[in-house]
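**Student:** Sending over a structure as structure tokens; questions will come in a sec.
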Amino acid sequence: MSVTTAMGAALRRIQLGNALSAFGNGFTVPFLFVYVSQVRNLGASTAGIVLATFAVAALIVLPFVGRVIDRRGPLPVAVVGTVSAAIGSMGLGLASSQSMVVAAAAALGAGIAVIQPSLATMIVWCSTTATRSRAFAMQFFLNNLGMGVGGLLGGQLVDTSDASSFVRLFAIESVMFLVLGAAVATVRLPKVPKVTDAVPTDPDAKGGWRTLAGDRAMVQLSVLGFVMFFACYGQFESGLAAFAVEVTRISPATLGMALAANTSAIVLAQFVVLKLVERRRRSRVIALVGLIWTVAWVAAGVSGLVPGAHGVATALLISTYALFGIGESMLSPTMAPMVADLAPARLVGQYNSAFALVKQLALAVGPAAGGLMAGAGMYVTYICLLIGCSLGISVLALRLGRQLTPAQENPLAVRAQRSAPDVAPSAEVEAAEVEAVERVPVAA
């Protein structure tokens, strides 16, 4: 089997396991707050603690995960993460006290935090610069499709008067994590015949944080990522939801439609958007996302100014969520591949873990800031802040572009230039990309 064939087979298995895991997540994520606070009668404060525990657990483990991935390989690390997540998920379904629920949430949060950079590193190992954007776009597409389908099915199975119906949902999620673990454990990366062999031996994997802190482009990308996650994902379940209900005056059911519009925009637009952006400069694509999200926040603000025209206000708010989805579909083939292309070969896991840590920080700060401003009724200030953040994304993206090499900015264009003298696409370029993957050192 050739290296490219092996890479393709491994990538397909990783993507399938990832999709099934997202499908399992969809069964529980929309109902977690209701389950803890009402079904288990532990109250809204305990439900809030559980949600905070996910973030805290991730923030604790992520600073160490990258080094372990680079020293031990992503396969065994991902398997450990899936086992932890499966135990935590099943624990949530069976827990009946505050301490048990919090402990289970910690195991689940830590497991998911370990899985994410591990899978990202595996996708990097199983792709080339020419195929990486498409691979990450497929991962994002399958994540949202799986979550959406799982959420729809979970909604049909759940019964708030019957705790056993929630146990079934968490059991499904737990099994899907184990399926992901099994899929990952049987993946055969190029020159990695077994999970136990996936152990990079490069001693220079030490000092990864020092190397990363000295990489100006990665530092700027991390700052950009924080603002981006703060302005979008960090607001979905706090400030924006509160604004929609309290100011725009839409019902919770309509808010559910708005969230569905976000997922639908991603699923329907992902590959159309991919064709439009994969040959363009990445910094310009991110800058355009900032402008799109600026329009989205302006639409949200205007929806609060026309409470008398309920239909118009509702349409504006739903369009806000849909525009966020369009922006997300533009970022999926852009951000993660850029992190991989910035990383030295020996520190791919460290860079992926660091960027995941930035995301978790934003997801911890974003809801807290949004919730506090909503609780204080500072909605005008809130909307202005998010409009400013969105414009800041565009500015930061253009500044980042000055730090990037042509290969980091637009790898497909560079590849096309190398292939230009040939009548057919250059096999040498593809061979060089494959060779770069083959050079990842593994223990015998």
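The values are calculated or read from the model by the stated rules, or taken from the named source; none is laboratory data. What you are looking at is a predicted structure, and each value in this text was computed from that prediction instead of being measured. Ideal geometry is used to build each Cβ from the backbone, glycine not excepted, and the neighbour counts take in all protein chains shown.
**Student:** Test residue 285 against the criterion of being under 23 Å from residue 362 (Cβ atoms), at pLDDT 90 or above, out of contact with any His (no Cβ under 9 Å at 6 or more places or on another chain) and surrounded by 18 or more Cβ atoms within 10 Å (Cβ to Cβ), and give yes or no.
**Tutor:** It is true that residue 285 is under 23 Å from residue 362 (Cβ atoms), at pLDDT 90 or above, out of contact with any His (no Cβ under 9 Å at 6 or more places or on another chain) and surrounded by 18 or more Cβ atoms within 10 Å (Cβ to Cβ).
**Student:** Scan segment 233-253 residue by residue and report those that are surrounded by 22 or more Cβ atoms within 10 Å (Cβ to Cβ) and within 23 Å of the chain's Cα centre (by Cα).
**Tutor:** Those that are surrounded by 22 or more Cβ atoms within 10 Å (Cβ to Cβ) and within 23 Å of the chain's Cα centre (by Cα): 234, 235, 239, 240.
**Student:** Go through segment 288-322 and report how many residues are closer than 25 Å to residue 220 by Cα and under 19 Å from the mean Cα position of the chain (by Cα).
**Tutor:** Residues meeting the conditions: 3.
**Student:** Considering only residues of segment 358-393 that are crowded, with 21+ Cβ neighbours inside 10 Å and of a type in the set (S, T, N, Q), which is nearest to the chain's Cα centre (by Cα)?
**Tutor:** 360
**Student:** Inside segment 281-381, counting only helices (runs of 4 or more DSSP H) that do not spill past its ends, which hold 1 or more residues that are among the polar types (S, T, N, Q)?
**Tutor:** Those helices (runs of 4 or more DSSP H) span 282-303, 310-331, 348-375.
**Student:** In addition: Could you grab the pairs with beta carbons closer than 7 Å, sequence gap of 6+ or different chains, first residue in segment 93-114 and free of Cβ contacts under 8 Å to residues at least 24 places away in the same chain, second one assigned to a loop (DSSP other than H, G, I, E, B)?
**Tutor:** If the second residue must be assigned to a loop (DSSP other than H, G, I, E, B), the pairs left are 104/95.
**Student:** Looking for whichever is surrounded by fewer than 22 Cβ atoms within 10 Å (Cβ to Cβ) and not assigned by TED's automatic domain parsing to the domain that holds residue 346 here; the options are 69, 60, 14. Which one fits?
**Tutor:** On inspection, the qualifying residue turns out to be 60.
**Student:** Being surrounded by fewer than 24 Cβ atoms within 10 Å (Cβ to Cβ) and touching a Ser or Thr at 6+ places or on another chain (Cβ under 6 Å) narrows it down to one of 78, 130, 106, 95, so name that one.
**Tutor:** After ruling out the rest, the residue left standing is 106.
**Student:** Still on this structure, I have one more. For residue 159, all conditions in the list (1) of a type outside the set (A, V, I, L, M); (2) without any contact (Cβ under 8 Å) to a residue 40 or more places away in the chain; (3) crowded, with 22+ Cβ neighbours inside 10 Å hold save one; what is the number of the exception?
**Tutor:** (3)
Residue by residue, here is whether (1) over 18 Å from the mean Cα position of the chain (by Cα); (2) under 28 Å from residue 372 (Cα atoms) holds:
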| residue | (1), (2) |
| --- | --- |
| 17 | no, no |
| 26 | no, yes |
| 39 | yes, yes |
| 45 | yes, yes |
| 49 | yes, yes |
| 57 | no, yes |
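So that you can scan it fast, the table gives a plain yes or no per residue for (1) under 16 Å from residue 326 (Cα atoms); (2) outside the structural domain of residue 55 (by TED's automatic domain parsing); (3) in contact with a Ser or Thr (Cβ under 7 Å, 6 or more places away or on another chain); (4) not in a helix (DSSP H, G or I):
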site	(1), (2), (3), (4)
218	no, yes, no, no
222	no, yes, no, no
250	no, yes, yes, yes
254	no, yes, yes, no
258	yes, yes, no, no
261	yes, yes, no, no
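**Student:** Something else now. Given (1) surrounded by fewer than 16 Cβ atoms within 10 Å (Cβ to Cβ); (2) touching a Phe, Trp or Tyr at 6+ places or on another chain (Cβ under 9 Å), where does residue 317 come up short, assuming only one miss?
**Tutor:** With (1) surrounded by fewer than 16 Cβ atoms within 10 Å (Cβ to Cβ); (2) touching a Phe, Trp or Tyr at 6+ places or on another chain (Cβ under 9 Å) applied to residue 317, the lone miss is (1).
**Student:** Could you check, for segment 379-396, whether at least one of its residues is under 25 Å from residue 211 (Cβ atoms) and at pLDDT 90 or above?
**Tutor:** Yes: segment 379-396 contains one or more residues that are under 25 Å from residue 211 (Cβ atoms) and at pLDDT 90 or above.
**Student:** Another one. Give the residue that is nearest to residue 140 (Cα to Cα), with candidates limited to residues of segment 254-282 that are surrounded by fewer than 20 Cβ atoms within 10 Å (Cβ to Cβ) and among the basic types (Lys, Arg).
**Tutor:** Among those residues, the one meeting the criterion is 275.
**Student:** Turning to a different aspect of this structure: Could you please find all residues in segment 224-244 being part of a helix (DSSP H, G or I), small (Gly, Ala, Ser) and in contact (Cβ under 8 Å) with a residue 40 or more places away in the chain?
**Tutor:** Residues satisfying the conditions are 225, 231, 234, 239, 242, 244.
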